Amino acid sequence: ERSNLAGVRHILLVLSGKGGVGKSTISTELALSLRHSGKKVGILDVDLCGPSIPRMFRVQDNDVHQCDSGWVPVFVDQDKSISLMSIGFLLEKPGDAVVWRGPKKNALIKQFVADVAWGDLDFLIVDTPPGTSDEHISTVEALRPYKPLGAILVTTPQAVSVGDVRRELTFCRKTGLRVLGIVENMSGFVCPHCSECTNIFSKGGGEELAKHAGVPFLGCVPLDPQLSQSLEEGRDFIQEFPKSPAFPALARIAQQILDGTSQRSS
Amino acid sequence: QVALLDIDICGPSIPKMMGLEGEQASESSTVHQSGSGWSPVYVEENLGVMSVGFLLSSPDDAVIWRGPKKNGLIKQFLRDVDWGEIDYLIVDTPPGTSDEHLSIVQYLSAAHVDGAVIITTPQEVSLQDVRKEINFCRKVKLPIIGVVENMSGFICPKCKNESQIFPPTTGGAEKMCQNLSVSLLGKVPLDPQIGKSCDKGQSFLSEAPASPATSSYRNIIQRIQEYCDQHHFHEEKII
């Protein structure tokens, strides 16, 4: 029997030791960028307590349907080039809290990995909650037979965030997960009124960490109110705001991922 | 007399923010086994801290534990740390509504917990999760002292115009608090000095006394103290 992940060419995880640094944002924008390069992308949201992905694509009110091979992922539009799975679709009310201990979370994650009928995808992006605990251990274990491409680690520039992401690097090393690179998010803010750049969350920590750890540095993504607004409204930032401050960096991250995979196949 | 307990086992940030993380590996803080259990690490005479960070020998050490092991350590922190007589025990938690949160509420159930302060940023992506946290508190009967809206606006140091970097597209914490009948304790604006102070392990309130963020923090802290005082008073009345 063909596994539900048999048609998925590349699996990559988006991790961070720290909360609130923009994992879901990076997952979303990466998916949109890859779509714009003509790829078919799925996002598996394994943040069970704080599932952000559905809303970022404006499909938070959608339901999940079953088919013969399992769960049908939610397509974000008619195009069917981006599909999603998240516990967010399974909640009765959006405010419902998922108050589960580890074992129950682990069980659902195993199902999410095995039972979603993704079909053929170029990329499956796995968005995770912060940390190095149940969700992460279970996800990596469940994905191991499918040989994930690796992980993108997201940090903000300041030391308090980098401090946690160092631990996430150790997690990757210990679990044999290749680090595709580090993204330094929320890296500087250019005032839209006067163009003065302020490093609200400091600068450079992500790049230094990549150098120190010997992993690729994928780039700095600046704070961009238009990006935040897009995510709020579930819009396609990559399509609609190519002149916005965060666009070049986000496009570059996707390009590096694409370059990495084409190198692999050649 | 204040105690700060960091139960973010995977991402312990408190030691660094308190200036208790040594720059050189040899100076890393150690937890001392005193006669009656573990001793907190003191920032000042009246501020003691405990975190898994103090048990790790390298900044690269990862705590890759499933729920039950995390719960075990949290229990130890509560049972075996010799806090002494304290006025306030503040417990910093990781994001979520899972093992750490259930366990801390469970283990503290015999003690009197004044309540929870819930932090959000202004945008709906954050509020969406915070509603779940409020829901969690109600489920486990944890009183909610109130909500703090963090990263609430940024004033450019050059032109003084305000930008809403994290836009309150659905009315921010204010609207959410109204809808859910919880107090909004205050809003804290973005200030680059906050991150800098935390990274250096210095007190932002001391380093930037004139910052609008400082007055926001102080107002919020005052409201929390008032809440605790009122409830303590009611408790005493009942007795």
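The values are calculated or read from the model by the stated rules, or taken from the named source; none is laboratory data. Worth saying up front: this structure is predicted, and the values here are computed from it rather than measured. Glycine gets a Cβ as well: all are built from the backbone with ideal geometry, and neighbour counts include every protein chain shown. All accessible areas refer to the heavy atoms of the entire protein, side chains included, with ligands and DNA or RNA removed. Shrake-Rupley method; radii C 1.70, N 1.55, O 1.52, S 1.80 Å.
Each row is one residue, and each column tells you yes or no for (1) within 12 Å of chain B (Cβ to nearest Cβ); (2) within 30 Å of A:Ala6 (Cβ to Cβ); (3) crowded, with 17+ Cβ neighbours inside 10 Å.
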position	(1), (2), (3)
A:Pro148	no, yes, yes
A:Thr170	yes, no, yes
A:Asn185	no, no, yes
A:Val190	yes, no, no
A:Ile257	no, yes, yes
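Need pairs with beta-carbon distance below 6 Å; first residue touching a residue at least 24 places away in the same chain (Cβ under 8 Å) and within 11 Å of chain A (Cβ to nearest Cβ) and within the stretch B:158-178, second assigned to a loop (DSSP other than H, G, I, E, B) and among the aliphatic types (A, V, I, L, M); sequence gap 6+ or separate chains.
Listed by first residue and then by second, the contacts come to B:Phe166/B:Met151.
Which of the residues that make up the stretch A:136-146 are more than 9 Å from every other protein chain (Cβ to nearest Cβ) and either in contact with a Phe, Trp or Tyr (Cβ under 9 Å, 6 or more places away or on another chain) or not basic (Lys, Arg) (or both)?
A:Thr139, A:Val140, A:Glu141, A:Ala142, A:Leu143, A:Pro145, A:Tyr146, listed by residue number.
Tell me the residue from A:Gly214, A:Gly219, A:Gly204 that is more than 10 Å from chain B (Cβ to nearest Cβ), surrounded by fewer than 18 Cβ atoms within 10 Å (Cβ to Cβ) and touching a strand residue (DSSP E or B) at 6+ places or on another chain (Cβ under 8 Å), please.
None of the other options fit; the residue is A:Gly204.
Taking strands (runs of 3 or more DSSP E) that fall entirely within the stretch B:1-120, which contain at least 2 residues that are modelled with pLDDT of 95 or more and away from chain A (no Cβ under 14 Å)?
In the stretch B:1-120, B:2-6, B:88-92 are the strands (runs of 3 or more DSSP E) which contain 2 or more residues that are modelled with pLDDT of 95 or more and away from chain A (no Cβ under 14 Å).
Between A:Asp45, A:Asp77, which is on the phi < 0 side of the Ramachandran plot, free of Cβ contacts under 8 Å to residues at least 24 places away in the same chain and either out of contact with any strand residue (DSSP E or B) (no Cβ under 6 Å at 6 or more places or on another chain) or not β-branched (Val, Ile, Thr) (or both)?
Just one listed residue meets the conditions, A:Asp77.
Among the numbered criteria (1) free of Cβ contacts under 8 Å to residues at least 24 places away in the same chain; (2) aromatic (Phe, Trp, Tyr); (3) open to solvent by less than 10 Å² (accessible area, probe 1.4 Å), which single criterion is violated by A:Phe241?
(3)
Here's a check for you: in the stretch B:64-83, which residue that is crowded, with 17+ Cβ neighbours inside 10 Å and of a type in the set (Lys, Arg) is farthest from A:Arg101 (Cα to Cα)?
B:Lys70
Could you check B:Ala208 against (1) over 17 Å from the mean Cα position of the chain (by Cα); (2) over 30 Å from B:Pro15 (Cβ atoms) and say which number it fails?
Condition not satisfied by B:Ala208: (2).
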